[in-house]
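Reviewing the structure listed below.
The values are calculated or read from the model by the stated rules, or taken from the named source; none is laboratory data. On a predicted model such as this, the values are computed, not experimentally measured, just so you know. Note: ideal-geometry Cβ built from the backbone for every residue, glycine included; neighbour counts use all protein chains shown. The area values use the complete protein model at the heavy-atom level, side chains included, leaving out ligands, DNA and RNA. Shrake-Rupley method; radii C 1.70, N 1.55, O 1.52, S 1.80 Å.
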Amino acid sequence: MDIEGRAAGAELEEGKPLSQSSPLVRIAVIQPRPGAAQRDLGTVSALDRLGREVNLEVLHEATSCCELAARDVLDLVILEEQVGADEAREVLAGLRGDGPPVIVVTTELDEELALDAVRRGAADCIAATPDYGEVLPVVALEQIRRWRAARERGEAERRNRWLEHLHEAIVNEIPAALLVLDARGNVVTVNQEFSRIWGASSEQVDGRPLERALPSDFLESAGVGEVLSAAAAGRSVAPRIARVIDDDGGMRAFDVRAKRLDEGRLLLVLSDLTEVELLAKQVADLQRYNENIIQNMNSALLVVDREGRITYGNPTAEHILDAEP
């Protein structure tokens, strides 16, 4: 890669930094190779006025510029048309769209040449006229600020999209039915788990009062209205258990919680506890069953710890050992 790097030395009269978040600005200047039969347009000396926070990379081929741009380290490219038509076409084609802005510098005022450069992807085109040393820094500064503002907007938009996708994934994958209600108690939206449990899509319940989205006996069994009122007032209430008979005649249980959101909205969270309650009942039944067997078996049963101390004995063991319970 044919690169000559140098730091700019003087500052613009305003003395304002180009960027508060990242003070170092990198500009690539594409010029004919040293010794070529081309006049010096004064591009580098003009860009020196941008200040010490600007780093200039003087290049002599399009490939080097495109490689730097691909590494996302350039804020601006100054392309002197003296480098030749092939190099100019390669730079403009390689950076068009996602690359940093390109300012094409011509040796003379030529409106057709300027329009052609813009059509091929240049952000601007200026001529190396007697006032070139004053015009170039101003045009470069404006293009850099536009480029950085566009990049910041792009980063913010990408972050917002990422957060939206994350929010959607959490809402749709969480194993609980979620309802968002407005200040009047109407459904704003529900998640997929709500649709799966209650058999109603968001389109079917959006805009409806909560009483039309959920069974009345379900709402009354846990005092859901009281839970929502407390949440709207900013008070915390203990989770309630609501029960409802499903279409198959079985009893289903839900943990009911509410949380106040912004703009007067409320989040209602319904976690299905049916299987948990069923498993708890099965465990309790099994414990009672085992206890009955142990208490009534004809053999002595002792539990001994590591030190050999008896920690439990069933009634038969107590009888055989003639020991107190």
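Which one of F194, A238, Q204 has its Cα pushed farthest toward the positive end of the charge dipole of the range 192-276, where Lys and Arg give +1 and Asp and Glu give -1 at the Cβ?
Checked the options; the winner is A238.
Quick query: amide H of V188 versus all other amide H atoms, modeled in the peptide plane; which residues come in under 5 Å with a sequence gap of 5 or more or a different chain?
Placed amide hydrogens put V180, L181, D182, G207 under 5 Å from V188.
Could you look at the range 219-270 and say what percent of its accessible area is carbon and sulfur, using a 1.4 Å probe and all protein chains?
Ligands and nucleic acids excluded, carbon and sulfur reach 46 percent.
Subtracting the Cα-Cα distance from 0.36 nm times the residue separation, let me have the gained length for A233 to R120 in nm, one decimal.
Additional length available on full extension: 34.6 nm.
Under 5 Å between amide H atoms, partner at least 5 residues away or on a different chain: which partners does E80 have, H built in plane at 1.01 Å?
I30, V105
Between N186 and N290, what is the spin-label point distance in nm, taking each point 7 Å from the Cα along the Cα→C-beta axis?
Here the answer is 5.5 nm between the modelled labels.
Averaged per residue, what accessible surface does the chain expose to a 1.4 Å probe, in Å²?
That works out to 60 Å² per residue.
How much of the DSSP beta bridge set in the chain is antiparallel, as a percent to the nearest 5?
Antiparallel bridges: around 60 percent, rounded to the nearest 5.
With only alpha-carbon atoms in the gyration tensor, what are the semi-axes of the equivalent ellipsoid for the chain, in Å, largest first?
They are 77, 30, 18 Å, listed from largest to smallest.
How big is the dipole moment of the chain about its Cα centre under a simple scheme where the beta carbon of each Lys and Arg is +1, that of each Asp and Glu is -1, and everything else is neutral? Debye, nearest 20, please.
880 debye
On the protein heavy atoms, probe 1.4 angstrom, tell me the percent of accessible surface of the range 57-123 carried by carbon and sulfur.
The nonpolar share, carbon plus sulfur, comes to 46 percent.
In nm, give the distance between the simple-model label positions of S45 and D206, each being 7 Å from the Cα along the Cα-to-Cβ direction.
Label-label distance for S45 and D206, simple model: 6.5 nm.
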